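K.L.:
Structure provided below as structure tokens; questions to follow.
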Amino acid sequence: MSEEDQVHRGSCLCGNVQYETTGPLRNVIACHCTQCRKTTGHFLAGTSVNKSNLRMVKESTLCWYQSSPGHQRGFCGNCGSSLFWQAENQDGISILAGTLDGPTGIQLKMHIFTNDKGDYYKLSDDLPQYSEDILDAIWTSKTNAKTNKE
Ligand SMILES: [Zn+2]
Ligand SMILES: [Zn+2]
């Protein structure tokens with residue numbers, strides 16, 4: 001099976017939101033910004049696919065919250081799970097890695113917005129850490145393709 005044929009499935013905690021992705025998943029980026037900390041209760045670990053590679057299987061309770069201009073966060077209105085993050089002007093959509101089922105085959109590769117992280121935990125791995133806003137660079141499909149090939 002080629003990378004393009006990969007199918008991954010995921011869901012919220014109650015199962016009212018279910019999705020399927022095709023093609024390779026981007027490696028995981030941990031975002032420690034204040035918004036991600038609030039919405040997840042810790043920090044956000046997200047993979048990403050092109051919006052066209054995400055298919056909603058069930059979305060009756062999927063809600064979108066505009067967390068900043070042009071940026072939306074998708075969550076389940078029934079169980080409260082955070083599932084997605086997207087920017088209007090980008091091809092990719094972030095999928096919170098914890099919502100994926102089964103083996104993902106991807107790895108955590110970097111930490112971003114580390115200047116906003118909570119003081120109650122340490123980043124003790126040796127992954128790169130970025131304090132500045134590099135989201136726009138990261139989420140573009142170009143970078144997306146590059147990080148997949150690592
Ligand atoms: Zn749910
Ligand atoms: Zn964030």
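Derivation of every value follows stated rules applied to the coordinates shown; laboratory data play no part. Please read these numbers as outputs of a predicted model, since none were measured by experiment. Neighbour counts run over all protein chains shown; Cβ positions are idealised from the backbone, glycine included.
K.L.:
Could you derive backbone 3J(HN,Hα) for segment 106-120 from the dihedral phi with the Karplus parameters 6.51, -1.76 and 1.60 (θ = phi - 60°), listing whole Hz in sequence and x where the residue is Gly or Pro?
P.N.:
Working through the residues one at a time gives 10, 9, 5, 10, 6, 10, 10, 6, 5, 6, 9, 5, x, 8, 9 Hz.
K.L.:
Short version: ³J(HN,Hα) in whole Hz for each residue of segment 56-66, in order, from phi by Karplus 6.51 cos²θ - 1.76 cosθ + 1.60 (θ = phi - 60°), x for Gly and Pro, what are they?
P.N.:
Values per residue, Gly and Pro as x: 7, 8, 8, 9, 4, 10, 6, 10, 10, 10, 7 Hz.
K.L.:
On to the next question. Order by neighbour count: Lys122, Lys58, Lys38, fewest other Cβ atoms within 10 Å first, most last.
P.N.:
Lowest to highest Cβ neighbour count: Lys122, Lys38, Lys58.
K.L.:
Along the Cα→Cβ direction, 7 angstrom out, place labels at Thr34 and Glu20. What is the inter-label distance in nm?
P.N.:
Calculated label separation equals 4.1 nm.
K.L.:
Same structure again: Which order do Arg73, Arg55, Arg26, Arg37 fall in if you start with the one that has the fewest other Cβ atoms within 10 Å?
P.N.:
Values: Arg73 22, Arg55 12, Arg26 26, Arg37 17.
Taking fewest neighbouring Cβ atoms as first place, the list is Arg55, Arg37, Arg73, Arg26.
K.L.:
What's the exposure ranking of His42, His8, His111, going from fewest to most Cβ atoms within 10 Å?
P.N.:
Fewest to most other Cβ atoms nearby, the residues stand as His42, His111, His8.
K.L.:
Can I ask one more? Loop by DSSP (not H, G, I, E, B), at most 12 other beta-carbon atoms within 10 Å: where is the longest site-free stretch of the chain for chymotrypsin sites (Phe, Trp or Tyr not before Pro)?
P.N.:
Numbers: sites that count: Tyr120, Tyr121.
My reading of the result: 1-119 is the longest stretch.
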